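As structure tokens, the structure follows; a few thoughts come after it.
The values are calculated or read from the model by the stated rules, or taken from the named source; none is laboratory data. Values in this document were obtained by computation on a predicted structure and should not be read as measured data. Cβ: placed from backbone, ideal geometry, glycine included. Neighbour counts: every protein chain shown. Remember, those area values only see protein heavy atoms, side chains included, never the ligands or the DNA or RNA. Shrake-Rupley method; radii C 1.70, N 1.55, O 1.52, S 1.80 Å.
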Amino acid sequence: MKTTKRIICIFLALTFALLVGCKDNSLPVDRVVAETDTHRVFYSNEKCYIEFFEDLDYQNDSPIMASSSPAYVTVQNAGELVDKILENDFTFEQKLMIYRATTDENGEIDRCIFDIEKMYQPVFPENTELQKLIWDGLPYYFYIAEYAESFRVQVTCYEKDYYSEVYKRDITDEIAEFEASDSYTVTQLKDKNAVEYRGKSRKYVIYDIEKDGKNITVEEEYHISDIYGDVVSETVPYSIDVYVTEGDLCYNVYVADCYRLFDEHPGEEWLLSFGMEPYVPAGE
């Protein structure tokens, strides 16, 4: 009888220890796609999450970690990134970066990552070479490519809800600031049904395009004063941001320093030659 009681007590103690050791992520787990001793990847309400079982909290107040650069996860293709997520194949610094990006101040999971079962790869025009794929723990990943000899282009694929946050911040809120500011003159342009927001040193031209089932917003930034020390132009953008939604697919194409390559506007056809398509592993 004493032996039986002792076994029950040991079992209860072990069960309690396990419960204390595991964090309750407070999210319903619909499906687990990977689990190791140190992490798991699961879906909840059709969103993908990553949870670490390691103690990553103690570094939160470290001045060394707080001042260090983000430990970006850098790979060559979507398949490599998925493998790293499934296997928890990250450095400590990368785990800490992902942990901070996906949890609140109490360590509870409060942000999903991207859908690892529905990855996309970029579509580029000719003369473009893919350099790398980068992830920093947030619900997006971005490809860096070089077009025409070291001219860099960034293509970012977003989780749908996070894209809404980005679009609101980068387009909707920015337009509201332009229109409310005394520093910018607002002009409706006939070309492309665009709106120009002109300041003393910069101007922005923003317009929408609908093509092949895609909803596209283009924001062009122009430097119209030599205050920045680069080429001053009313016709060649300094940078171009293209925001695209196509069903659940949401992505952004960012082209910087256009004046280094173009002596005129690159044109809508060139801009729309960048895109995204479903990732298919080699050999499939």
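Taking 18 Å as the cut-off for C-alpha to C-alpha distance, list the pairs among LYS160/LYS214; LYS47/LYS118; LYS160/LYS211; LYS47/LYS95; LYS84/LYS132; LYS84/LYS118 that go past it. Mind showing how you got there, number by number?
Numbers: LYS160/LYS214 14 Å; LYS47/LYS118 11 Å; LYS160/LYS211 20 Å; LYS47/LYS95 20 Å; LYS84/LYS132 15 Å; LYS84/LYS118 16 Å.
Distance filter (> 18 Å) returns LYS160/LYS211; LYS47/LYS95.
For the range 79-203, what does the relative contact order come out to in percent, with C-alpha contacts under 8 Å and a separation of six or more? Spell out each step's value before the answer.
Values: 130 pairs, mean separation 17.1, N = 125.
It rounds to 14 percent for the range 79-203.
Mind checking the dipole of the range 89-224: about its Cα centre, +1 per Lys or Arg Cβ, -1 per Asp or Glu Cβ, Debye to the nearest 20? Don't skip to the answer; put the middle values down first.
Details: 17 positive and 30 negative charges, 75 e Å.
The dipole of the range 89-224 has a size of about 360 debye.
Could you tell me what a quarter of the Cα convex hull surface of the chain works out to, in nm² with one decimal place?
Averaging across all directions leaves 21.0 nm² for the Cα convex hull.
Using a simple charge model, +1 on the beta-carbon of Lys and Arg, -1 on the beta-carbon of Asp and Glu, nothing else, what dipole does the chain show about its Cα centre, in debye to the nearest 20?
The calculated dipole for the chain is roughly 1160 debye.
At a threshold of 8 angstrom on Cα-Cα distance, excluding pairs fewer than six apart, so keeping six or more, what relative contact order does the range 153-284 reach in percent?
21
Roughly how far apart, in whole Å, are the Cα centres of the range 77-94 and the range 248-262?
Centre-to-centre distance over Cα atoms comes out at 27 Å.
Please say if the range 93-163 is rounded, prolate or oblate, where rounded means a/c under 1.5 for a ≥ b ≥ c the square roots of the C-alpha gyration tensor eigenvalues, and otherwise the choice is prolate for a/b larger than b/c and oblate otherwise?
prolate
Rounded, prolate or oblate for the range 157-284? Axes are the square roots of the Cα gyration tensor eigenvalues, ordered a ≥ b ≥ c, and the cut-off for rounded is a/c under 1.5.
Values: a/c = 2.07, a/b = 1.51, b/c = 1.37.
Prolate is the answer for the range 157-284, as a/c is 1.5 or above and a/b outweighs b/c.
Before I look further, what does the chain give for accessible area per residue, probe 1.4 Å, in whole square angstrom?
Result: 57 Å² of accessible area for each residue.
In whole Å, largest first, what are the principal axis extents of the Cα atoms in the range 238-280?
Principal axes ranked by extent give 35, 17, 16 Å for the Cα atoms.
Whole Å is fine, so just give me how far the alpha carbon centre of the range 196-235 lies from that of the range 175-195.
11
With a cut-off of 8 Å between alpha carbons and a minimum separation of six or more residues, what is the relative contact order of the chain in percent?
Details: 469 pairs, mean separation 36.6, N = 284.
Relative contact order of the chain: 13 percent.
Provide the packing ranking of 261-273, 232-244, i.e. peptides ordered by the mean count of other C-beta atoms within 10 Å per residue, highest first.
Highest to lowest by the protection proxy: 232-244, 261-273.
Give me the base-10 log of I(q)/I(0) for the range 177-246 at each q in 0.17, 0.20 Å⁻¹, Debye formula, one uniform scatterer per Cα, rounded to two decimals.
Result of the Debye calculation: -0.66, -0.86.
Okay, helix-only estimate at 222 nm for the chain: each DSSP H run of n ≥ 4 adds -39500 (n - 2.57), divide by all residues, round to 500 deg cm²/dmol; what do you get?
Calculated mean residue ellipticity at 222 nm is -6500 deg cm²/dmol.
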